[in-house]
Amino acid sequence: MNRIDWAAARARIILDPTVTMLNTGSFGPLPVPVFDRVTELRRMLAAGPTNFYVRQAPPLLWEARERTAAFLGTTPQRLVFTSNVSAAINLVASGLTLNAPGEILMSDHEYGAMIWCWERAAQRQGLTVRTFALPTMTNDPAEIVRAATAAMTPRTRVLFFSHVLSPTGLVLPAKELCAEARRRGITTVVDGAHAPVLIPLNVSAVNADFYCANLHKWLLAPSGAGFLAIGPGNEDRLQPLHVSWGYHADKYPIGELAQSTGPDARDVYGSTPRTRFLEFEGTRDFCPWLAVPAAIDFQSEYGFDAIRARVAELAEYTRRTIGALGLPLATPAAPGLSGAMTAFELPRGTSAPALRKGLWARRVEIPVIERPNRLLLRVSHHFYTTEAEIDRLAEVLREIGILMPTSATAR
Ligand SMILES: Cc1ncc(COP(=O)(O)O)c(C=O)c1O
């Protein structure tokens, strides 16, 4: 097999050369071909909005739906595009009617804004929210499944969890968690914000009732691209968050644009009545969705397995280099339990605002994450990250004085 020239691959990503970019976990940068494609689409939209929305975009939207669904392991009929994973989770949390009284169960490491989303849903429907403690440094996925199942009760209506944890990058055994919940009649909603690309995701195999994720992070699609994949048996459980022309597929439009046959048939808009019911929000710029095939094509050139192998190499390098400062590892190294994010515990007493300031003063882009009992530094290392960038982070941490010389070396 030919060795991939990762430096050449990096040169195809639009990145500020003065910045050490270690935060793909929050926002992915754009490869040049993806930027060019979304710009071309926006130019078409700008030049002839009616022509774009009415004639040019529908076949492109269907193509994007087919390509994205094939990439994720679902079908175009069950793929609802959203602007991001937050929108997808809001759609589910607001559009799903649950039996009250009861509870929404989630891990204690969920993303803050998504916790609020479920808190509001619970409040509106007379439910409660309960969390269970995740064993975040385990080397055995079964331990995570045991922690979750032990917390499930006959009152549990929804199990919500991240496929990949935001603060540490721990990969959860999503398929097993969904199976245990299903066995107990509990609806599963998975926050897969980081999953596409970072792990070899097959949405159908995970078999969640609702799988939500981002395409703007690790797939490097433009900001504005996320999705909800609807699991079998859940086709008609959601109300839309946003009522628009998709609401009454049978009433509009009429005449030559009349709907085809049935809720899952491709319609003239590049959707199906079912996807449009949930997806269509009125006039908006959905060029990011149409550029998703370009993002899939870009990383396909290198091969997703080769990309993940490179990411694993960088994870090892990160553990060694940052671990050498004595910072305890906060992400398990075991294969299958981590991917392109590696987190470290910062010394007690570190000031998060001061550290953030110090890092950015040295042009290092990396999140400092405040957890209830600890402070974490999360390194994102996608295929375009270089060893020199990890070295630079270590150098900067030393310069700022972040090291634990007396503690044990990294596990
Ligand atoms: C686990 C998780 N859920 C949700 C989000 C929200 O993502 P977005 O702002 O793209 O909706 C993030 C963002 O980092 C995340 O890590």
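Applying the selection to the range 100-121, what residues are touching a helix residue (DSSP H, G or I) at 6+ places or on another chain (Cβ under 9 Å) and either among the basic types (Lys, Arg) or more than 16 Å from the ligand (Cβ to nearest atom) (or both)? Step through it out loud before you land on a result.
Of all residues in the range 100-121, those touching a helix residue (DSSP H, G or I) at 6+ places or on another chain (Cβ under 9 Å) come to 100, 102-107, 110-111, 113-114, 117-118, 120-121.
Ala100, Gly102, Glu103, Leu105, Arg120, listed by residue number.
Say we look at the range 209-228 and pick out the residues that are out of contact with any Gly (no Cβ under 8 Å at 6 or more places or on another chain) and of a type outside the set (Ser, Thr, Tyr); which of these is surrounded by the fewest Cβ atoms within 10 Å (Cβ to Cβ)?
As a first pass, look at the range 209-228 and keep what is out of contact with any Gly (no Cβ under 8 Å at 6 or more places or on another chain): 222-228.
Now restrict to residues that are of a type outside the set (Ser, Thr, Tyr): 222, 224-228.
On the way: Pro222: 25, Gly224: 20, Ala225: 29, Gly226: 27, Phe227: 30, Leu228: 26.
Out of the qualifying residues, it is Gly224.
Quickly run through the range 265-322 and pick out the residues that are within 23 Å of the chain's Cα centre (by Cα), assigned to a loop (DSSP other than H, G, I, E, B) and among the acidic types (Asp, Glu).
Glu281, Asp285
When the range 144-174 is examined, which residues are found to be within 11 Å of the ligand (Cβ to nearest atom) and not in a loop (DSSP other than H, G, I, E, B)?
Selection gives Phe160, Phe161, Ser162, Val164.
Considering the range 103-143 alone, what residues qualify as being of a type in the set (D, E, K, R), part of a loop (DSSP other than H, G, I, E, B) and over 21 Å from the mean Cα position of the chain (by Cα)? Quick ask: steps written out before the conclusion?
Of the residues in the range 103-143, the ones of a type in the set (D, E, K, R) are 103, 108, 110, 119-120, 124, 130, 140, 143.
With part of a loop (DSSP other than H, G, I, E, B) added as a condition, the list becomes 108, 110, 140.
Result: Asp140, single match.
Determine whether the range 210-230 contains at least one residue that is aliphatic (A, V, I, L, M), away from the ligand (no atom under 16 Å from the Cβ) and either closer than 30 Å to Ala9 by Cα or assigned to a helix (DSSP H, G or I) (or both). Full working, then the answer.
Filtering the range 210-230 down to residues aliphatic (A, V, I, L, M) leaves 213, 215, 219-221, 225, 228-230.
Subset that is away from the ligand (no atom under 16 Å from the Cβ): 230.
Imposing the further condition that a residue be either closer than 30 Å to Ala9 by Cα or assigned to a helix (DSSP H, G or I) (or both) reduces the set to none.
Scanning the range 210-230, I find no residue that is aliphatic (A, V, I, L, M), away from the ligand (no atom under 16 Å from the Cβ) and either closer than 30 Å to Ala9 by Cα or assigned to a helix (DSSP H, G or I) (or both), so the answer is no.
Residues being surrounded by fewer than 15 Cβ atoms within 10 Å (Cβ to Cβ) and either modelled with pLDDT of 90 or more or not aliphatic (A, V, I, L, M) (or both): count how many of those fall in the range 245-263.
Of the residues in the range 245-263, the ones surrounded by fewer than 15 Cβ atoms within 10 Å (Cβ to Cβ) are 248, 250-258, 260-262.
Next cut, either modelled with pLDDT of 90 or more or not aliphatic (A, V, I, L, M) (or both) only: 248, 250-253, 255-256, 260-262.
Here the count works out to 10.
Inspect the range 81-102 for any residue being buried (at least 21 other Cβ atoms within 10 Å of the Cβ), over 20 Å from the mean Cα position of the chain (by Cα) and either among the acidic types (Asp, Glu) or assigned to a helix (DSSP H, G or I) (or both) and give the result as yes or no.
no
Out of curiosity, is Ala57 assigned by TED's automatic domain parsing to the domain that holds Leu79, within 29 Å of Val203 (Cα to Cα) and over 22 Å from the mean Cα position of the chain (by Cα)? Give the steps one after another, and end with the answer.
Details: assigned by TED's automatic domain parsing to the domain that holds Leu79: yes; within 29 Å of Val203 (Cα to Cα): yes; over 22 Å from the mean Cα position of the chain (by Cα): yes.
Considered against the rule, which asks whether it is assigned by TED's automatic domain parsing to the domain that holds Leu79, within 29 Å of Val203 (Cα to Cα) and over 22 Å from the mean Cα position of the chain (by Cα), Ala57 comes out as yes.
Residue under question is Thr168, and the condition is that it be assigned by TED's automatic domain parsing to the domain that holds Tyr269 and over 17 Å from Leu79 (Cα atoms); does it hold?
Numbers: assigned by TED's automatic domain parsing to the domain that holds Tyr269: yes; over 17 Å from Leu79 (Cα atoms): yes.
It is true that Thr168 is assigned by TED's automatic domain parsing to the domain that holds Tyr269 and over 17 Å from Leu79 (Cα atoms).
When the residues of the range 1-35 are narrowed to those that are in contact (Cβ under 8 Å) with a residue 12 or more places away in the chain and in a helix (DSSP H, G or I), which ends up surrounded by the fewest Cβ atoms within 10 Å (Cβ to Cβ)?
Ala7
The values are calculated or read from the model by the stated rules, or taken from the named source; none is laboratory data. Just so we're clear, the structure is a prediction, and the values are computed from it rather than from any experiment. Every residue, glycine among them, receives a Cβ derived from its backbone with ideal geometry; neighbour counts consider all protein chains shown.
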